[in-house]
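Novice: What follows is a structure written as C-alpha cells; I'll ask about it next.
The values are calculated or read from the model by the stated rules, or taken from the named source; none is laboratory data. Owing to the predicted nature of the structure, the values given are computational and were not obtained by experimental measurement. What goes into the accessible areas is simple: the full protein's heavy atoms, side chains included, and nothing from ligands, DNA or RNA. Shrake-Rupley method; radii C 1.70, N 1.55, O 1.52, S 1.80 Å.
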Amino acid sequence: MAATEEFAQYSIAGARVDRITKAADGNNALFQSYFHSKVDLFDTAYRRLVTEVVDRPYTTPARQRTIRSPRRRRAGSSPTRCPPGNPVTSCSCSP
C-alpha cells in the first residue's frame, strides 16, 4: 500500500497526500471521497498493518516452525501411572 510506505518513510507529519495518490495511481478527489483527512488514512493503514501482523502464525526465530498446542492424549489411553486411590478399576495398572 502506497500510504504505508509513505508513512514509514516520512512519518505522519511529513507524509504528503499528493505523493500517496501519485504512487497509488489515484487523484486527490478520489482520496477525499474515501478518506476525509490524512489522519483517517493513517489510521486505516495502521489498522491494516497491525491486523496483518497479528493474524500471522507465530514462528520461533531459531527453527522457523509454527508453535502448536501440546499434544493431547488419545481418548481411552491410560496414563503411565495411576494416582493413588484411583477409583477406576478397569485401569491396566490396577492390582
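Novice: Ordering I20, I12 by accessible area with a probe of 1.4 Å, largest first, what comes out?
Specialist: Solvent-accessible surface, decreasing: I12, I20.
Novice: Continuing with this model, one more query. Counting only protein chains, not ligands or nucleic acids, how are K38, K22 ordered by accessible area (probe 1.4 Å), most first?
Specialist: K22, K38
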